[in-house]
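The values are calculated or read from the model by the stated rules, or taken from the named source; none is laboratory data. Please read these numbers as outputs of a predicted model, since none were measured by experiment. When we count neighbours, we look across all protein chains shown, and the Cβ atoms used for this are built from the backbone with ideal geometry, even at glycine.
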Amino acid sequence: MQDKIILGLLLDGDKSSYDLKKSMESSTGFFYNSSQGSIQPALKKLIQNEHVLVTEDRRGARRKKVFSITEEGEKEFLRWAGEPIALDKPRDPALVKMFFFNYVEGPRKLELVEQYLREIETVGTTLKMIQQMNREQIGKNRELLNNPKVRSRLDTLEFGMDYYAFLKEWYGKYLQKIKEELEP
């Protein structure tokens, strides 16, 4: 999946691996993990498959590798993007922990769920800030709102906000259940 994300981001323009990482952190990183350690092997594979070209950009004494998508890479990305959406099993470490919560003492369970809820709230707040920034940048510009790329990214943001709102609600109920179980 990392290679497809890279190709999609390179459709927006050439980027260094640092730029790719930053782009992922502020977009796909909210729903798909990315690290510099996974970006480099994906880039290497994309270069070997001739889906990406690498050039060196010299700025003074600094040399920076810049990656760009090839015509073949664009074709591969568009082929992949047009394939049916596959339903995937959720890979959620919180659910795995919860599955084994019977081995955790009640007060510790409570602490862990409260901590998780704070993390969910932090991400939710961040997504709301991103949404507000987008609203300010777009304003009433109908042309931007009708742009398919902008629309799909706004739709993804909306999904993310709904997802974290669901998690907050569900884990809030779960927290209440744990509290009730701990009452004498």
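Things worth noting here:
- Segment 15-62, subset among the polar types (S, T, N, Q) and assigned to a loop (DSSP other than H, G, I, E, B), residue modelled with the highest pLDDT: N49
- A Cβ distance below 8 Å, combined with a sequence gap of six or more or placement on separate chains, defines the contacts here; from segment 26-47, residues that are without any contact (Cβ under 8 Å) to a residue 60 or more places away in the chain reach residues that are acidic (D, E) in the pairs S34/E25; A42/D3; K45/D3; L46/D3.
- For segment 99-125, filtering for residues that are in a helix (DSSP H, G or I) and free of Cβ contacts under 8 Å to residues at least 40 places away in the same chain leaves 12.
- Taking the criterion of being in a helix (DSSP H, G or I), more than 21 Å from V123 (Cβ to Cβ) and over 18 Å from the mean Cα position of the chain (by Cα), the residues of segment 138-169 that qualify are I138, R142, E143, L144, L145, P148.
- E83 loosely packed, with under 15 Cβ neighbours inside 10 Å and in a loop (DSSP other than H, G, I, E, B): yes
- Condition broken by I138, with the remaining ones in (1) over 23 Å from K4 (Cβ atoms); (2) surrounded by 12 or more Cβ atoms within 10 Å (Cβ to Cβ); (3) modelled with pLDDT of 90 or more satisfied: (3)
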